[in-house]
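Colleague: I have a structure here, written as structure tokens, and I will follow up with some questions on it.
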Amino acid sequence: MNSFADTTRNPDRSVRKRVGFSNSFSSGSITQTVDHKGFAKSTILDGSAGIISNGTGISGNLQHQMGMGGAASVKAQVGIVNTPDHQVTAWTQHQRMLNKNLRVVGPPVNSVGVNYQNSSGAEAFISSSKMPGFPSVGTVGGSIPLYSGNQGNTQLNLGAQSNFTSGISPNHYVGFS
């Protein structure tokens, strides 16, 4: 198990303190940001656990910001193709929003999708999400590496994504990262 603790001073004189752990099955952290007078601006709890082997498994995640709320999710995935050069993973996820007292609020969000990645770093995905009482949302996109240098520390990728919502004009994005 690896543990960590770090402190970051921000330009606005606030300070972010973070502690946590990670191992092959789970991770967790607590992050607190305080202003220059020492008053807490936010505290965020983040934890996840899962068992995934060869692209197949189940995982869960909980994020909560004190006094605000957060989200909890469960995700299952199946590795359809898992070779050194190509990975294809199908997944489904169930997510619930939480209020500041960790109680479930609002309807669930259910999502399904397929992700592809090859050994050169190209990626593609397609997914759909549905919340009862709201239109379905579909997303398709991908990215390709254009440049990699400095032993992989410097990269330039071209990405594109389109979002489709029932009854609404689609949104399209293209950009570099």
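None of the figures in this text is laboratory data; all of them are computed from the coordinates on show. Since this is a predicted model, take the numbers as computed values, not measurements. So basically every Cβ, Gly included, is an ideal-geometry build from the backbone, and we count neighbours across all protein chains shown.
Colleague: Which numbered condition trips up Gln161, out of (1) loosely packed, with under 13 Cβ neighbours inside 10 Å; (2) in a strand (DSSP E or B); (3) of a type in the set (S, T, N, Q)?
Modeller: Of (1) loosely packed, with under 13 Cβ neighbours inside 10 Å; (2) in a strand (DSSP E or B); (3) of a type in the set (S, T, N, Q), only one is false for Gln161: (1).
Colleague: If you go through the stretch 1-60 one residue at a time, how many are surrounded by 12 or more Cβ atoms within 10 Å (Cβ to Cβ) and not in a strand (DSSP E or B)?
Modeller: 4
Colleague: A further question follows. Give the residues of the stretch 53-70 that are small (Gly, Ala, Ser) and in contact with a Leu (Cβ under 6 Å, 6 or more places away or on another chain), sorted by residue number. Show your work before the answer.
Modeller: Taking the stretch 53-70 and keeping what is small (Gly, Ala, Ser), we get 53, 55, 57, 59-60, 67, 69-70.
Within the stretch 53-70, Gly69, Gly70 qualify.
Colleague: For the stretch 78-100, does any single residue satisfy the condition of being exposed (fewer than 15 other Cβ atoms within 10 Å of the Cβ), without any contact (Cβ under 8 Å) to a residue 12 or more places away in the chain and among the basic types (Lys, Arg)?
Modeller: No, the stretch 78-100 contains no residue that is exposed (fewer than 15 other Cβ atoms within 10 Å of the Cβ), without any contact (Cβ under 8 Å) to a residue 12 or more places away in the chain and among the basic types (Lys, Arg).
Colleague: Restricting to the stretch 113-133, name every residue that is more than 27 Å from Pro84 (Cα to Cα), surrounded by fewer than 15 Cβ atoms within 10 Å (Cβ to Cβ) and touching a residue at least 24 places away in the same chain (Cβ under 8 Å).
Modeller: The answer is Pro132, Gly133.
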